[in-house]
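Worksheet: one structure, shown below.
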Amino acid sequence: MFPRSLLTLLILFGQAQIGGCADGGADAGIEVRDAVIREAVPGRTNTVAYFSITNRGTVPVQLLGAHSDYVERLELHTHVRNGDMIGMRRVDAVDLAPQQAVVFASGGHHLMVFGAKGLPSPVPVTLEFSDGSTQVVEFRRVGLDGLEHVSEDVLKDVLKDAF
Ligand SMILES: [Cu+2]
């Protein structure tokens, strides 16, 4: 695993761009990995979901939102720093340039989950994109200690180009 300080630094960037080779030049679309949704704290119904998303295509696209039959509402959120205060706010869209990867992780972008009750595992979530397309992603349900799950090779890719 990477040192936690590196991970935190990485997350402060909010978005990290992965340079990389286009594979074959074909428009391979959107790739989503490491999709996890946290169990709600007992007595609560709001929680959070994380994933990493890469635009494998050749044209820019925006992630506009998400929905799932198993929750009332999903919103794209990011963390914002205002002096000493760290809060979060809703964002309308997340830009995905060709070959760009964005990691949704603790402390950065996240998918805010409202009204989750008795989540199955996995939870099917439909992601909505600016070109009108949608993609169903299976989010693995994780316990309260599963917050920081980002696979090591995704982090390596991100770190390679971020520093
Ligand atoms: Cu939030």
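The values are calculated or read from the model by the stated rules, or taken from the named source; none is laboratory data. Please read these numbers as outputs of a predicted model, since none were measured by experiment. Here the Cβ is made from the backbone with ideal geometry for all residues, glycine too, and neighbour counts use every protein chain on show.
Values for this structure:
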read-out: Test: residue 111 is within 13 Å of the ligand (Cβ to nearest atom) and out of contact with any helix residue (DSSP H, G or I) (no Cβ under 8 Å at 6 or more places or on another chain); value: yes
read-out: Top-ranked residue in region 43-91 [being among the β-branched types (Val, Ile, Thr) and within 13 Å of the ligand (Cβ to nearest atom); ranked as nearest to residue 133 (Cα to Cα)]; value: 91
read-out: Residue match in region 53-65 (condition: in a strand (DSSP E or B), at pLDDT below 95 and surrounded by 14 or more Cβ atoms within 10 Å (Cβ to Cβ)); value: no
read-out: Some residue of region 83-102 being among the acidic types (Asp, Glu) and either within 18 Å of residue 127 (Cα to Cα) or modelled with pLDDT of 95 or more (or both); value: yes
read-out: First in region 62-78 and more than 13 Å from residue 114 (Cβ to Cβ), second anywhere and assigned to a strand (DSSP E or B) and not hydrophobic (A, V, I, L, M, F, W, C), Cβ under 8 Å, 6 or more apart; value: 62/95; 63/128; 64/128; 69/124; 78/89; 78/110
read-out: Scan of region 95-111 for residues that are part of a strand (DSSP E or B) and within 10 Å of the chain's Cα centre (by Cα), ordered by number; value: 101, 102, 103, 104, 110, 111
read-out: Selected residue [away from the ligand (no atom under 16 Å from the Cβ), at pLDDT below 85 and assigned to a loop (DSSP other than H, G, I, E, B)] from 158, 154, 150; value: 150
read-out: Region 71-94 - residue that is surrounded by 14 or more Cβ atoms within 10 Å (Cβ to Cβ) and over 15 Å from the mean Cα position of the chain (by Cα) and, of those, farthest from residue 36 (Cα to Cα); value: 73
